[in-house]
1. Give the shape of region 198-336 as rounded, prolate or oblate, defined through the alpha-carbon gyration tensor: a ≥ b ≥ c are the square roots of its eigenvalues, a/c under 1.5 means rounded, and otherwise the shape is prolate if a/b is larger than b/c and oblate if not.
2. Once you put a point 7 Å from the Cα of THR196 and another 7 Å from the Cα of ARG79, both along the Cβ direction, what distance in nm separates them?
3. Classify the chain from the C-alpha gyration tensor, please: rounded if a/c falls under 1.5, else prolate or oblate depending on whether a/b exceeds b/c.
4. Which is the longest part of the chain that has none of the GluC sites (Glu not before Pro) sitting in a DSSP loop with at most 13 other Cβ atoms within 10 Å?
5. Just to confirm a number: summing +1 for Lys and Arg and -1 for Asp and Glu over residues other than LEU15 whose beta-carbon lies under 15 angstrom from that of LEU15, what do you get?
6. Rounded to the nearest 0.05, what FRET efficiency do ARG316 and ASP450 give with R0 = 35 Å and r taken as the Cβ-Cβ distance? Could you check?
7. How large is the helix-only mean residue ellipticity at 222 nm for the chain, computed as the sum of -39500 (n - 2.57) over DSSP H runs with n ≥ 4, divided by its residue count, in deg cm²/dmol to the nearest 500?
8. Take the residue pairs LYS328/LYS422; LYS237/LYS346; LYS295/LYS328; LYS295/LYS346; LYS346/LYS422 and return only those whose Cα atoms are more than 29 Å apart.
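A short reminder: the numbers here are calculations on the coordinates, not readings from a lab. Please read all numbers here as calculations on a predicted model, not as lab measurements. No Cβ is skipped: glycine too gets one built from the backbone with ideal geometry, and neighbour counts run over all protein chains shown.
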Amino acid sequence: MSQLFRSLPSMDACLAALLRLEPTWATQPRPFLRDIVAAYWDGVRDDIRAGRCTAPEELALPQRLPALRDFVASRLRPRLRHVINATGVVIHTNMGRSVLAGEAAEAARMAAAGYSNLELDLATGGRGSRYALVEELICRISGAEAAMVVNNNAAAVLLVLDTFCKGGEVIVSRGELVEIGGSFRIPEIMEKSGATLREVGATNRTHLRDYAAAINGSTKALMRVHTSNYRIIGFHKAVGLEELVALGREHGLPVIEDLGSGSFMDFSDCGLPGEPTVQSVVRAGADIVTFSGDKVLGGPQAGIIVGRAEAVAALRANPLTRALRQDKLCLAALEATLRLYLDPEKARSSVPTLRMMTAAPEELARRARALARLLRARLDGRAEIVLKKDASRVGGGSFPECDLPTTLVCLRPRGCSATVLKQRLLDTAPPLLGRLEHDAFCLDPRTLLDGENALVARALDEALPR
Ligand SMILES: *Cc1c(COP(=O)(O)O)cnc(C)c1O
């Protein structure tokens, strides 16, 4: 074993060989490059110790150079890269949730690349509010008296509980104690805010009398939480917002609604069940409503809070708002996204999340045929390609169990399994994400953006065995 260790090439030999292959790496900081090369050989030493590598000739630099180069190349690439989402899941949290509208991306670029009047009132030259304009837009669209914006919806829920419920009890139905992916759990956020959760009802059924019976001297609020990523079906009852608002009024308690996704639009005309819109929840009288900016709304990461003026004023006065504040790039993108919502038809056609959710099945079938044609021409028989009617999902914990009809392009690769193909496509330029259905690797045109078909073909050409 010690002889194997001694036969490893020197750092200088490795660097010289790498720079001959990749001359542009000469501009990389040398200590950084050395650390990466050292990390590669540390892995090889582990292989030697574990008996996975026993022959000295397997360790020679010429044999190892291609793998060493790939290892270094992968470490030199930026961590955050463009990937192609062909999974058909529109709001995919692992792939950055919503894709911004062109107008929103351009606004974020403007805010990023230069100075802006973020907190400057150009009418007076004095200090302005970074939020004033988006808050006005949110009120106009939602019909709420007041609005504010924080970093994300988890922050919004934390701020609301900290402001209204600290040191007291919040009544929530047992059927709504939801965990969102990435370990956001309502009971845990509540604990962090210093409020005590008072669960009422049963998992499947909660009645107004359950809330009423739980109200006591330390009750601070009644809360409803959208059961974003699951559905209770069968023998089920939840209390409607109007009834809960009436109960709150009777006892002088605020009613808080965490809508999760939150939408300004109704999608029942495109095959998705009627979900309460932000406007309808405001009209029903909720004192405070919170939702995300980057789920169904289709904007940047944001936590949006709307509600009655005194309630929002109390939130604003909480020093936590400073710790939860939204950054200027997201704020710029949010303003541009909200402007599109001033004309709902325009929002539907130019906010990518809305466009993808509402794409017509015939349009998706046409795009699937076009993609299949391109792939057949490009991949000359290296995969069998067929079309299949199937379903896509909205994702992001929105509209669970709702199928959106689509047409998939399914590939059965020759010379490797679909599972191996899926794995190889994680390492193409750019990586291509699709879904495995039985023994086929499938692409859903719903989430492919304009111009991405050519990149799909290139990635598959790179990944399929020759
Ligand atoms: C997604 C979600 C959250 C968290 O929102 P983020 O914007 O991801 O912080 C909170 N509550 C509900 C019900 C959700 O669906």
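1. On the way: a/c = 2.11, a/b = 1.23, b/c = 1.71.
The shape class here is oblate.
2. 4.1
3. Working: a/c = 1.94, a/b = 1.70, b/c = 1.15.
Prolate shape, in that a/c is at least 1.5 and a/b is the bigger ratio.
4. On the way: sites that count: GLU119, GLU401.
Excluding the exposed sites themselves, the longest stretch runs over 120-400.
5. On the way: positive: ARG20, ARG30, ARG34, ARG64, ARG69, ARG75; negative: ASP12, GLU22, ASP35.
Computed value for this residue: +3.
6. Details: r = 41 Å, r/R0 = 1.16.
After rounding, the FRET efficiency stands at 0.30.
7. On the way: 19 runs with 193 residues, N = 466.
Dividing the helical sum by the residues of the chain leaves -12000 deg cm²/dmol.
8. On the way: LYS328/LYS422 37 Å; LYS237/LYS346 37 Å; LYS295/LYS328 19 Å; LYS295/LYS346 18 Å; LYS346/LYS422 36 Å.
Pairs exceeding 29 Å: LYS328/LYS422; LYS237/LYS346; LYS346/LYS422.
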